[in-house]
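The values are calculated or read from the model by the stated rules, or taken from the named source; none is laboratory data. This one's a predicted model, so the numbers in the text were calculated from it and none came from an experiment. Ideal geometry is used to build each Cβ from the backbone, glycine not excepted, and the neighbour counts take in all protein chains shown.
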């Protein structure tokens, strides 16, 4: 049953306690700008008011899942304070989604990049179509900015510290099968129907998930914040990132600092860096 709302660009359908939130922003691609933020906030208001909600599936009505920030808008916004304020609003929305008390699954049927990837990372489970044309990642460093919606803080808990630094610092992206291998996503599905069925099954099996960063779970791969190995990694990472990016991506060093600082703070505080 599609819920009647006045939200532009996002629909909410409820079926047996599970809400499917479909992003279909005006135009051919879901991009993150003021209109998207308004729509997502309104959709969360609707979801938080539903009785008996058991889970949420985030999906796309476009070919891509979400292409991330509206780059033209980002470059037009010359005021750093304005840009920072926008990222904090988006961070707040993603936190509402992942701490709302019900499981959330990202149904990735197309590219999930930048803030779109960060939206998927804020979901408790990520399933993508088994299609090598689908790319998932955080390319921000390649255009001289840093991920602003929690990617720097969530990724180490999913991939491990060293792989996360490599991907973040190089502006990397992975095709769906490779994304599964490195921990960017959790599962693959052969088609959309199978993907949605898997999403519903995962929600039924995991009624009360908690994100690893909220549980302060150990990072995958063995290297833990504050350890000798972590200190050695961060000491050598600046040189590694410079070599990886050939000095072209100045944002890489800033990303390194943000990850380093964030892992020593509460998650809420880390999102403010």
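Tabulated data for the structure shown
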| read-out | value |
| --- | --- |
| Boolean, residue 164 is crowded, with 21+ Cβ neighbours inside 10 Å, part of a helix (DSSP H, G or I), in contact (Cβ under 8 Å) with a residue 40 or more places away in the chain and in contact with a strand residue (DSSP E or B) (Cβ under 9 Å, 6 or more places away or on another chain) | no |
| Close pairs (6 angstrom Cβ cut-off, 6 or more residues apart or separate chains): in contact (Cβ under 8 Å) with a residue 60 or more places away in the chain in the stretch 1-19, in a strand (DSSP E or B) and surrounded by 17 or more Cβ atoms within 10 Å (Cβ to Cβ) anywhere | 18/55 |
| Hits in the stretch 169-210 - residues which are under 14 Å from residue 136 (Cβ atoms) and part of a loop (DSSP other than H, G, I, E, B) | 171, 172, 183, 184, 185, 186 |
| Residue within the stretch 46-68 that is under 16 Å from the mean Cα position of the chain (by Cα), surrounded by 20 or more Cβ atoms within 10 Å (Cβ to Cβ) and at pLDDT below 95 present | yes |
| Matching residues in the stretch 140-151 - criterion: being in contact (Cβ under 8 Å) with a residue 60 or more places away in the chain and at negative phi | 140, 141, 142, 143, 145, 146, 147, 148, 149 |
| Restricting the stretch 213-239 to residues that are within 23 Å of the chain's Cα centre (by Cα) and not in a loop (DSSP other than H, G, I, E, B), the residue that is surrounded by the most Cβ atoms within 10 Å (Cβ to Cβ) | 213 |
| Test: residue in the stretch 23-37 that is touching a helix residue (DSSP H, G or I) at 6+ places or on another chain (Cβ under 7 Å), surrounded by fewer than 20 Cβ atoms within 10 Å (Cβ to Cβ) and touching a residue at least 40 places away in the same chain (Cβ under 8 Å) | yes |
| Matching residues, the stretch 1-13, being modelled with pLDDT of 95 or more and surrounded by fewer than 17 Cβ atoms within 10 Å (Cβ to Cβ) | 13 |
